[in-house]
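Here's the structure, in structure tokens; my notes come after.
Just so it is clear, none of the values below were taken in a lab; they were calculated from the coordinates. Here the structure is a predicted model, which is why all the values come from computation and not from measurement. Cβ sites come from the backbone with ideal geometry, for glycine too, and all protein chains shown count toward neighbours.
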């Protein structure tokens, strides 16, 4: 008995987009990016803000490592999505076979 594999490629693509957003939150490639130190500005009294900045500096290496890990995961996820699309296309072609369109005026002409 054959096993049925069902993959929700829409969910995989949404996961990919979400992971990219998370990755950008850690390292930021655009002008809207705020480092942990920047985010600490204005969160409260100066002492609290300074402590938050220190914490942000300590976390920076972890942020960079997490961004790298997410990047590696995204690099692994991309071929999975591509492969499922390719397999789906190949299966569709295999099911279609070498059918040729019916000759003109054939009763099944409208099916093509």
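Sorted by average packing, counted as other Cβ atoms within 10 angstrom per residue and highest first, what order do 56-66, 6-16, 87-97 take? Working shown, then result.
Working: 56-66: 13.2, 6-16: 11.5, 87-97: 9.4.
My ranking of the peptides, most packed first, is 56-66, 6-16, 87-97.
Only residues of segment 6-27 count here: report those whose backbone N is under 19 Å from the spot 7 Å along Cα→Cβ of residue 90, or say none.
In segment 6-27, the label zone of residue 90 (backbone N under 19 Å from the point 7 Å along Cα→Cβ) covers 6-9.
Could I get the Rg over Rh figure for segment 33-76? Both from C-alpha atoms, Rh via Kirkwood, rounded to two places. Present the calculation step by step, with values, prior to reporting the outcome.
Details: Rg = 13.3 Å, Rh = 11.4 Å.
So for segment 33-76, dividing Rg by the Kirkwood Rh gives 1.16.
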